[in-house]
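Right, one structure below, let's go through it.
The values are calculated or read from the model by the stated rules, or taken from the named source; none is laboratory data. Just so it is clear, the model here is predicted, and its values are computed rather than measured. Note: ideal-geometry Cβ built from the backbone for every residue, glycine included; neighbour counts use all protein chains shown.
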């Protein structure tokens with residue numbers, strides 16, 4: 001690549017660029033701007049619009065243009081911190097929040113959350129559990145990112161109420177106080193309702209381990225509303241680990257332990273009927289790692305041992321193989337949106353285009369020194385990466 005100093009811009013070209021900046025070209029010559037915007041919105045491929053011209057790039061990030069999807073991630077340091085005392089060395093355990101713009105391939109730090117409680121209280125690693133990462137539980141609902149559960153250094157619940165981020169306003173807010181703050185719970189969402197089941201509070205309680213609560217996020221997207229008690233689970237065996245309650249076709253599906261191990265149990269919660277039932281045999285048999293649902297209609301799961309990505313077929317009660325990849329071995333989380341399945345595995349983020357034939361996989365390059373804890377797919381923030389908009 002030529003050095004900038006070896007190819008200076010002539011005065012005439014510089015003046016031309018300045019004129020273009022002050023007098024931008026029409027989006028589509030001959031069409032009024034509102035009509036041109038409608039036409040370009042129908043293209044449906046922001047990558048194509050970004051590659052054409054400067055004015056179309058600016059349009060992609062304007063408030064009047066439908067926001068494209070981007071990644072929101074909780075990242076933690078992959079290197080240890082200095083000694084906190086003569087006897088204890090804590091790894092870098094706090095999490096940071098970032099947004100990845102897939103069009104310009106750039107990462108942006110999210111605005112800092114409220115200081116009380118500080119995000120640094122939520123630990124990813126603990127000196128007493130060096131071989132295991134502590135779960136940090138979050139979900140995305142109605143275009144918002146919600147952080148609900150985690151652990152402090154003394155292994156207590158880190159959050160007394162949900163912490164919510166709105167990508168469009170770029171503001172943080174709190175949800176209603178939890179009846180019982182908890183960690184290692186089952187967390188999920190269905191049709192705009194947030195559900196939290198089982199888990200452990202400051203100490204184990206069979207009542208908490210069997211409980212189920214719901215928050216109507218569609219009516220109270222900020223700090224309003226309250227948690228409503230729902231039908232209890234039959235027992236407390238779903239408090240052994242952090243569990244994804246996958247919203248799928250008006251139901252919440254969950255398995256009490258991760259991986260393909262003996263003693264697994266799967267249950268399904270009917271949202272409208274407020275009832276529990278056993279998970280279908282085929283669904284449970286193929287549930288061998290993290291699972292996510294696209295638009296709450298199609299479930300995708302990764303076998304954490306073999307790295308096989310599968311799709312659930314309800315009619316046959318079977319899981320259909322889509323692809324196999326070494327990079328998906330050890331998968332920890334799956335989210336699906338917009339024809340893409342995003343997988344957190346080995347501290348990295350991998351994206352699979354399940355609409356392509358065959359399916360195509362690639363890795364998202366993370367900021368140096370950081371590893372992925374969790375990822376979500378939400379509308380992009382109204383931030384213009386000016387360095388990426390140059391012609």
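Since residue 46 meets every condition but one in (1) at pLDDT below 85; (2) surrounded by fewer than 17 Cβ atoms within 10 Å (Cβ to Cβ); (3) touching a helix residue (DSSP H, G or I) at 6+ places or on another chain (Cβ under 6 Å), which condition does it not meet?
Evaluating residue 46 over (1) at pLDDT below 85; (2) surrounded by fewer than 17 Cβ atoms within 10 Å (Cβ to Cβ); (3) touching a helix residue (DSSP H, G or I) at 6+ places or on another chain (Cβ under 6 Å) leaves (2) as the failure.
Can you spot a residue in region 192-199 that is closer than 16 Å to residue 147 by Cβ and surrounded by fewer than 15 Cβ atoms within 10 Å (Cβ to Cβ)?
Step one: filter region 192-199 for residues closer than 16 Å to residue 147 by Cβ, giving 194-196, 199.
With surrounded by fewer than 15 Cβ atoms within 10 Å (Cβ to Cβ) added as a condition, the list becomes none.
No: region 192-199 contains no residue that is closer than 16 Å to residue 147 by Cβ and surrounded by fewer than 15 Cβ atoms within 10 Å (Cβ to Cβ).
Conditions (1) farther than 22 Å from residue 374 by Cα; (2) outside any strand (DSSP E or B); (3) at pLDDT 95 or above; (4) touching a strand residue (DSSP E or B) at 6+ places or on another chain (Cβ under 9 Å), marked per residue:
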| residue | (1), (2), (3), (4) |
| --- | --- |
| 273 | yes, yes, yes, no |
| 283 | yes, yes, yes, yes |
| 322 | yes, no, yes, yes |
| 327 | no, yes, yes, yes |
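Determine which member of the set 247, 292, 346 is farther than 30 Å from residue 215 by Cβ and either surrounded by 15 or more Cβ atoms within 10 Å (Cβ to Cβ) or modelled with pLDDT under 95 (or both).
Values: 247 fails: farther than 30 Å from residue 215 by Cβ; 292 fails: farther than 30 Å from residue 215 by Cβ.
Answer to the check: 346.
Being assigned by TED's automatic domain parsing to the domain that holds residue 198 and either buried (at least 23 other Cβ atoms within 10 Å of the Cβ) or under 22 Å from residue 135 (Cβ atoms) (or both) narrows it down to one of 279, 299, so name that one.
Values: 299 fails: assigned by TED's automatic domain parsing to the domain that holds residue 198.
279 is the lone residue from the list that is assigned by TED's automatic domain parsing to the domain that holds residue 198 and either buried (at least 23 other Cβ atoms within 10 Å of the Cβ) or under 22 Å from residue 135 (Cβ atoms) (or both).
Residues of region 132-167 being part of a loop (DSSP other than H, G, I, E, B), over 16 Å from residue 94 (Cβ atoms) and within 16 Å of the chain's Cα centre (by Cα), which ones? Steps first, answer last, please.
Initially, region 132-167 is screened for residues part of a loop (DSSP other than H, G, I, E, B), giving 132-136, 142-143, 150, 152-156, 158-162, 167.
Pick out the ones that are also over 16 Å from residue 94 (Cβ atoms) and you get 132, 142-143, 160-162, 167.
Across region 132-167, the qualifying residues are 142, 143, 162, 167.
Among the residues of region 308-321, how many are surrounded by fewer than 17 Cβ atoms within 10 Å (Cβ to Cβ) and more than 17 Å from residue 249 (Cα to Cα)?
If we filter region 308-321 for residues that are surrounded by fewer than 17 Cβ atoms within 10 Å (Cβ to Cβ), which is where we start, we get 313-318, 320-321.
Cutting the leftovers down to more than 17 Å from residue 249 (Cα to Cα) gives us 320-321.
Looking only at that region, the number is 2.
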